[in-house]
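The values are calculated or read from the model by the stated rules, or taken from the named source; none is laboratory data. Since this is a predicted model, take the numbers as computed values, not measurements. Because the Cβ atoms are built from the backbone with ideal geometry, glycine has one as well, and the counts that use them run over all protein chains shown. Ligands, DNA and RNA are excluded from the accessible area calculation, which covers all protein heavy atoms including side chains. Shrake-Rupley method; radii C 1.70, N 1.55, O 1.52, S 1.80 Å.
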Amino acid sequence: MKYLLLICSETADGFPGATPEELDATPWVEEMTRRRVRLDGNRTRPAEDATTVRVRDGAQLLTDGPYAETKEQMAGFDIIDCADLDEAVEIAAKHPVAKFGMVEVRPFWTD
Amino acid sequence: MRDAVKEAVATAWSQEWGRVVAAVIRQTGDWSLAEECAQDAFERALERWPRDGVPRRPGAWLTTTARNRALDRLRRAANESVKLREAARLAPEPVRPAPPDELPPDDAVPDDRLRLIFTCCHPALPLPAQVALTLRTLTGLSTAEIARAFLVPEGTMAQRLTRAKNKIKNAGIPFRVPPPELLPERTAAVLAVLYLLFNAGYAPGAEGPDQRRVTAEAIRLARLLAALLPGEPEAAGLLALMLLHDARYAARTDAAGDLVPLDEQDRSRWDRRQIAEGTAVLEAALAERRPGPYQVQAAVAACHAEAVDAAATDWAQIALLYGELARMAPGPVVELNRAVAVAMAEGPEAGLALVDAIASGGELASYHLLPATRADLLRRLGRRREAESAYREALALAPTATERRYLACRLASITPG
């Protein structure tokens, strides 16, 4: 099954109290690539660099910022392909951000 | 004869429903199909058994019938989708292979029902859904009966069950007993759900035929779990705890439906056979020498059950057990229970000091049993005014009419004139 992992912070100013070393996902990426469960992923620029696009009555409407004004912020994403939710949870729990922020596990839509 | 067959079907319904559903889920992965096919199998039993006789192994007959029905329906669905594609002149796609006809034997290890219990109690499902799904798939209770027991509209309960089944499918929650590294915490979650089920039917003020059935099913499931997890003394501990509490059911309320406190209960109305069973189950669990919160709580219940009258209760032992429990599962409610035991063993003064310490912690500010306990201790110390105001405080917080009536009675008993 494929899952999207949304790597999120709980506050607007990132991960207070965590050092850059503690947040370094490189070893996790290496491990999950070796296990052949991680297909893709990246960090994303913060919400202030986001642009939200809507098309209404044929007109394109742009807004500065993310679609939802919440204090939780998406900091990155990963796409994984693994056996089931238990394995997806195990993978998500190993992501360094799980200790400081949170990881949302979203199954892909399949018919 | 007819009645005997009907009774055989009813017995099979209560004993075999979970096994039949679990087997079809393992085979097809489809929870709704499993329930429908189990239903079909029981309907077929009502048609066939009067004619052909009750099979030697009703559970195996029902499971095979439900499995065959599921295979039929899946094959038909596969054929129909092929026909649809042909009709639409789409490029032919390979037909998905039909599920295998070769099935593992009935006694495949581990029991399918164990997989089912663990899947229903998966922590990715919300707790009310875990409770509802466990009842719906493992017992023969209908959605309407479960809704009545939990006092929610049937539509709400149906939606809760559908959402849970959808999440299992869409999120990829596996149908299995968790691997060893996950087993301890997931077993704890299963035990918590079963205890919640028991309490949903046992809590004061929750008396009714639907609640009574939920309690009976909780005990049946705890029995099943203890049998399926012989290496887990906490499963046996939970079963013992339920049996020992439930043994007092008849004596717990009087003819008017009012709550009778433990020390005033007519002990001849306690179910001695059930107490003997609970005590035996507990002793076997304790012999494993791996104590846990359920075993300790069952040991407290056993202390009460074994006392010939209220005065003979070994309160010092109970206070020790609550001290043990507070170490394993710390919390203000455990502390409050310990305070009651200390008050009985050492006198109300010692108990009141503990209760006041809990009250100053503030965590139980809205829990009616805190002021109710204080009130009882103050009454025993002869501090009537303070007792009165504590009873009033408890009355304002008590959640059920049964408990309010009991507290009002106590208040009246110390109010002059």
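Within region A:97-108, being within 12 Å of the chain's Cα centre (by Cα), open to solvent by less than 60 Å² (accessible area, probe 1.4 Å) and not aliphatic (A, V, I, L, M) holds for one residue alone: A:Gly101. Scanning region B:217-258 for residues that are in a helix (DSSP H, G or I) and more than 27 Å from B:Ile146 (Cα to Cα) turns up just one, B:Pro233.
Checked against the criterion of being closer than 28 Å to B:Gly292 by Cβ, within 12 Å of chain A (Cβ to nearest Cβ) and open to solvent by 10 Å² or more (accessible area, probe 1.4 Å), region B:149-159 has no qualifying residue.
Exactly one residue out of A:Asp64, A:Asp111 is without any contact (Cβ under 8 Å) to a residue 12 or more places away in the chain and exposed (fewer than 13 other Cβ atoms within 10 Å of the Cβ), and it is A:Asp111. Identification of helices (runs of 4 or more DSSP H) wholly contained in region B:324-417 with 1 or more residues that are in contact (Cβ under 8 Å) with a residue 60 or more places away in the chain yields B:401-414.
Yes or no, residue by residue, for (1) within 14 Å of another protein chain (Cβ to nearest Cβ); (2) modelled with pLDDT of 95 or more:
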{"position": "A:Met1", "(1), (2)": "yes, yes"}
{"position": "A:Leu5", "(1), (2)": "yes, yes"}
{"position": "A:Glu10", "(1), (2)": "no, no"}
{"position": "A:Thr52", "(1), (2)": "no, no"}
{"position": "A:Cys82", "(1), (2)": "yes, yes"}
{"position": "A:Asp86", "(1), (2)": "yes, yes"}
{"position": "A:Ala98", "(1), (2)": "no, yes"}
{"position": "A:Arg106", "(1), (2)": "yes, yes"}
{"position": "A:Thr110", "(1), (2)": "yes, no"}
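With respect to the stated conditions, A:Asp78 fails to be open to solvent by 40 Å² or more (accessible area, probe 1.4 Å) and either aromatic (Phe, Trp, Tyr) or away from chain B (no Cβ under 14 Å) (or both). Look at (1) in contact with a Leu (Cβ under 9 Å, 6 or more places away or on another chain); (2) surrounded by fewer than 18 Cβ atoms within 10 Å (Cβ to Cβ); (3) within 14 Å of chain B (Cβ to nearest Cβ); (4) not polar (S, T, N, Q) and you find that A:Gly14 fails only one, number (3).
Please specify each residue of region B:259-283 satisfying the condition of being assigned to a loop (DSSP other than H, G, I, E, B), surrounded by 15 or more Cβ atoms within 10 Å (Cβ to Cβ) and not polar (S, T, N, Q).
Going residue by residue through region B:259-283, those that are assigned to a loop (DSSP other than H, G, I, E, B) are B:260-261, B:265-266, B:270-271.
Okay, now just the ones that are also surrounded by 15 or more Cβ atoms within 10 Å (Cβ to Cβ), so B:260, B:265, B:270-271.
Result: B:Val260, B:Trp270, B:Asp271.
Inspect region A:67-86 for any residue being under 30 Å from B:Ser81 (Cβ atoms) and in a helix (DSSP H, G or I) and give the result as yes or no. Yes - at least one qualifying residue is present in region A:67-86.
Could you list, in sequence order, all residues of region B:171-189 that are within 11 Å of chain A (Cβ to nearest Cβ) and either at pLDDT 95 or above or under 17 Å from B:Arg113 (Cβ atoms) (or both)? Before you say what the answer is, go through the steps one by one.
Going residue by residue through region B:171-189, those that are within 11 Å of chain A (Cβ to nearest Cβ) are B:171-176, B:178-179, B:181-182, B:186.
Once the filter is applied, which keeps residues that are within 11 Å of chain A (Cβ to nearest Cβ) and either at pLDDT 95 or above or under 17 Å from B:Arg113 (Cβ atoms) (or both), region B:171-189 yields B:Ala171, B:Gly172, B:Ile173, B:Pro174, B:Phe175, B:Arg176, B:Pro178, B:Arg186.
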